[in-house]
């Protein structure tokens, strides 16, 4: 099945503690059905000090389920993703506006 959400897409969170927040996808894990979004689902991880880096509490973006994310269209609203063929190529489009992503 083709990926509805890809790295670099602007998304909005639909459910969970970060509902309504917006961000950009930095990584997608299709096997786990999860994605990492900048500034969303932040957890504090403790980092041990080394010669190269300072130790302490480091905020880290944790994976969030793809079902809790929706793509943002050009108007900044959540939209679903559809597929169609244009010039012999399969392209993604926003269902609200019909624009190719």
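The values are calculated or read from the model by the stated rules, or taken from the named source; none is laboratory data. This is a predicted model, so every value here is computed, not measured. Cβ: placed from backbone, ideal geometry, glycine included. Neighbour counts: every protein chain shown.
Annotation note: of 39, 56, the sole residue that is free of Cβ contacts under 8 Å to residues at least 12 places away in the same chain and at positive phi is 56.
Output the residues belonging to region 17-29 that are surrounded by 14 or more Cβ atoms within 10 Å (Cβ to Cβ) and part of a loop (DSSP other than H, G, I, E, B). Correct list: 18, 21. Anything in region 62-101 that is in a helix (DSSP H, G or I) and in contact (Cβ under 8 Å) with a residue 60 or more places away in the chain? List them, or say none. The answer is 66, and nothing else. Exactly one residue out of 25, 36 is under 8 Å from the mean Cα position of the chain (by Cα), within 19 Å of residue 82 (Cα to Cα) and modelled with pLDDT of 95 or more, and it is 25. The set of residues from region 30-61 being exposed (fewer than 11 other Cβ atoms within 10 Å of the Cβ) and assigned to a loop (DSSP other than H, G, I, E, B) comprises 31, 32, 48, 49, 50, 51, 52, 53, 54, 55.
Please indicate, with yes or no, whether at least one residue in region 80-99 is surrounded by fewer than 17 Cβ atoms within 10 Å (Cβ to Cβ), in contact with a strand residue (DSSP E or B) (Cβ under 8 Å, 6 or more places away or on another chain) and at positive phi. No.
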